[in-house]
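These notes concern the structure reproduced below.
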Amino acid sequence: MRNGNLPLQQFASGLLPHAEDVIPWQESIKKPVTETISRGKKRNILLEELYNALLKRCKKLSPPAYEEWISTRVLAEDCEMGIYQTRSILLKLVEQQRVVVTPTPIANSLRWYAVIKDGTTESAGK
């Protein structure tokens, strides 16, 4: 016993659960295969949703000045997603050459613009 503390050994055994007190874990209920979505399909759905949200905001065929492009935060709010998830998906769209990003951040935010070819759009996930 130091500094007036009580020894814990005699009290610890009363805190441990006894066999009759233990609640058994229920087995997790697995969803049928038809109800699950693969990671790749989910990514493609998010790509498509984000690309369509950007298209709705980019109504002109020629891109305006960089300052008028759509910010990451605006797109994230439109799609009800996090900013970093939105940025990651937009960068994948840039790799697919479906979206153009500003060369440098404007007001600490990257700006985005959809690439529109001949007035038609194609699926973002392909």
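Quick notes on this one:
- For the range 87-119, a residue qualifies if it is more than 18 Å from residue 65 (Cα to Cα) and part of a loop (DSSP other than H, G, I, E, B), and the qualifying residues are 96, 97, 98, 118, 119.
- The set of residues in the range 40-78 that are within 13 Å of the chain's Cα centre (by Cα) and buried (at least 18 other Cβ atoms within 10 Å of the Cβ) comprises 46, 47, 50, 72, 75, 76.
- Among all residues of the range 17-31, there is at least one that is at pLDDT below 90 and either surrounded by 10 or more Cβ atoms within 10 Å (Cβ to Cβ) or among the hydroxyl-bearing types (Ser, Thr, Tyr) (or both).
- Look at the range 36-48: where a residue is in contact (Cβ under 8 Å) with a residue 60 or more places away in the chain and a partner is among the aliphatic types (A, V, I, L, M), sitting 6+ places away or on another chain with Cβ atoms under 8 Å, you get 43/89; 44/124; 45/37; 47/89; 47/93; 47/124; 48/124.
The values are calculated or read from the model by the stated rules, or taken from the named source; none is laboratory data. Note that the structure is a prediction, hence the values are computed from the model and not measured. Backbone-built Cβ (ideal geometry, glycine too); neighbour counts: all protein chains shown.
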